[in-house]
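Here's the structure, in structure tokens; my notes come after.
The values are calculated or read from the model by the stated rules, or taken from the named source; none is laboratory data. Keep in mind that this is a model prediction, so the values were computed, not measured. Glycine gets a Cβ as well: all are built from the backbone with ideal geometry, and neighbour counts include every protein chain shown.
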Amino acid sequence: MAKITVLIADDLKLFLEIEKSYLMRGGFDVLTAASGKEAVALAGGRSPGLVLLDLEMPEMDGADACAAMRRIPALAETPIIIMSATDSPRARERCRKAGCTEFVVKPAKPDELLGMVARVLAIRQRQAARITVVFDVAGRPGTGQVVGLARNLSVQGMLLETPAPVAVGSVLQLEFYLPRSRWQVKVNGEAIHAARGAAGAHEAGIRFIDLSQTDQEQILDFVSA
């Protein structure tokens, strides 16, 4: 499975390392910057698939860094999340005008970061054949959440590309957002077969176990559109 490169910019080293750790465990390649200026230079040279900017940085804050990135043609459509320790209408509006995809309050728990990333990536997946899925394997403490890519989505299940093999019979706790509506689905699924795809990626056929009626209706609307 091809990894998405994420650039994180935060002047607080502790937060930067925590965010980096969770995203790397989730299956992303991660670039880090300690300032807005460094983030702009790094993004311009590496063209990441997603950018996370802390709003409160000295010299060049997240909003100014976002605006500078939007002036680089290769980054004009890149998803950019600006994160702030506090929420205010003024800050939210300033970041929106700078061109961010999302303005969010920093997650209270680091493990909420992957869900937020999956939701934002769904914005750019409206016409894509694959959906970003955050999952972990039930009954395997310490493994943590990882990110996969799903295709062939239906109300029965999905074909899931994963960064590591998933054993047949495993129960996965899945979370994903439907692209157009950005409807959040949380469901358990059983791996009913496993294989290697044509490109060498690990694949698992997932059968949904407890999909709600409302989620079924949302998925049907998505696949039939």
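Residue-wise test of (1) among the hydrophobic types (A, V, I, L, M, F, W, C); (2) modelled with pLDDT under 90; (3) assigned by TED's automatic domain parsing to the domain that holds Ile131.
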site: Met158; (1), (2), (3): yes, no, yes
site: Thr162; (1), (2), (3): no, yes, yes
site: Val171; (1), (2), (3): yes, no, yes
site: Ser181; (1), (2), (3): no, yes, yes
site: Val185; (1), (2), (3): yes, no, yes
site: Ala199; (1), (2), (3): yes, yes, yes
site: Ala204; (1), (2), (3): yes, no, yes
site: Arg207; (1), (2), (3): no, no, yes
site: Gln218; (1), (2), (3): no, no, yes
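Just one of Thr143, Thr132 is at pLDDT below 90, among the hydroxyl-bearing types (Ser, Thr, Tyr) and surrounded by 22 or more Cβ atoms within 10 Å (Cβ to Cβ); which is it? Residue meeting the stated conditions: Thr132.
For the range 1-97, no helices (runs of 4 or more DSSP H) sit wholly inside it while including 2 or more residues that are β-branched (Val, Ile, Thr) and farther than 29 Å from Gln145 by Cα.
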